[in-house]
Amino acid sequence: VNPFMITWDTGPRCNFDCSYCPSHRHDNFSKHATLEELINTIDFIQKYINTISKYRNENTYYISLTGGEPTVNPHFIKLAEYLEQWKKNFKDNIIVRLDLTTNGAMSEKIANIVSKNFDHVTISYHSETDKTVKSNVLDRILQFKNSNIPMKVNVMMHANYFTDCTELCNTLDKHSVKYIARPIGEDPDSILSTA
């Protein structure tokens with residue numbers, strides 16, 4: 001299987017302000033994309049997939065939403081529901097899978113929408129935030145685990161928060177949640193994900 005990955009940066013707006021995340025990757029003031037702009041992007045992606053599929057033997061496509069933080073967009077729920085219906089528009093030989101990369105700091109309601117409308121979720125756990133927010137993120141991780149949506153958890157292992165990170169890893173082990181420990185924070189140019 002040789003899937004084609006489309007990474008869709010939905011915008012830099014984020015509800016976190018991690019010191020190791022470069023300012024061009026996140027902010028708390030950028031305008032949210034409108035629903036019309038999001039749907040126009042989806043229409044473009046569909047045309048792109050239909051064109052490129054003529055030249056590929058393998059027709060599995062992964063669309064990965066990232067940011068900033070995609071779930072802070074006020075149109076996220078409508079977007080997720082639209083995408084789930086949209087991916088049914090393709091010919092039988094084209095398979096579209098939806099992935100969300102998130103910091104996990106979302107409501108239970110939004111997490112239910114993600115579980116229902118996405119095929120996979122990647123949660124990047126950042127210790128450099130408020131204790132209450134971190135507790136909420138852990139709740140969402142366990143909610144996703146219980147919903148059976150395929151999930152990957154990236155534990156962003158920052159030297160200044162090493163104890164917190166290891167405690168989280170122990171908790172994830174206890175709940176049989178698989179994770180990847182990703183060292184970050186030493187070099188801002190080494191950041192691979194902002195969510």
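The values are calculated or read from the model by the stated rules, or taken from the named source; none is laboratory data. Just so it is clear, the model here is predicted, and its values are computed rather than measured. Quick reminder, even Gly has a Cβ in these numbers, built from the backbone with ideal geometry, and neighbours come from all protein chains shown. These area figures cover heavy atoms from the full protein model, side chains too; ligands, DNA and RNA do not enter into them. Shrake-Rupley method; radii C 1.70, N 1.55, O 1.52, S 1.80 Å.
Observations on the model:
- Some residue of segment 88-107 being closer than 21 Å to LEU138 by Cα, without any contact (Cβ under 8 Å) to a residue 12 or more places away in the chain and surrounded by fewer than 20 Cβ atoms within 10 Å (Cβ to Cβ): yes
- The C-beta contact set for segment 170-195 (first residue open to solvent by less than 80 Å² (accessible area, probe 1.4 Å) and assigned to a loop (DSSP other than H, G, I, E, B), second residue hydrophobic (A, V, I, L, M, F, W, C) and modelled with pLDDT under 90, distance under 8 angstrom, 6+ apart or interchain) comprises GLY185/ALA159; ILE191/CYS21; ILE191/ILE184; THR194/CYS14; THR194/CYS18; THR194/CYS21; ALA195/CYS14.
- Summed over segment 73-91, residues that are within 16 Å of LYS31 (Cβ to Cβ) and either at pLDDT below 95 or among the aromatic types (Phe, Trp, Tyr) (or both) total 1.
- Of the residues VAL1, VAL96, the single one that is modelled with pLDDT under 90, farther than 26 Å from LYS134 by Cα and either in contact with a strand residue (DSSP E or B) (Cβ under 7 Å, 6 or more places away or on another chain) or in a helix (DSSP H, G or I) (or both) is VAL1.
- Among the residues of segment 117-146, those identified as in a helix (DSSP H, G or I) and open to solvent by 50 Å² or more (accessible area, probe 1.4 Å) are LYS131, THR132, SER135, ASP139, LYS145, ASN146.
- Filter result (aromatic (Phe, Trp, Tyr) and assigned to a loop (DSSP other than H, G, I, E, B)) within segment 72-93: PHE90
- Cross-chain or 6+ apart pairs with Cβ under 7 Å, segment 16-40 first and of a type in the set (Gly, Ala, Ser) and surrounded by 12 or more Cβ atoms within 10 Å (Cβ to Cβ), then modelled with pLDDT of 75 or more and not in a helix (DSSP H, G or I): SER30/GLY11; SER30/PRO12; SER30/ARG13; ALA33/THR10; ALA33/GLY11; ALA33/ASN73
- Identity of the residue in segment 52-71, β-branched (Val, Ile, Thr) and part of a helix (DSSP H, G or I), that ends up most open to solvent (accessible area, probe 1.4 Å): ILE52
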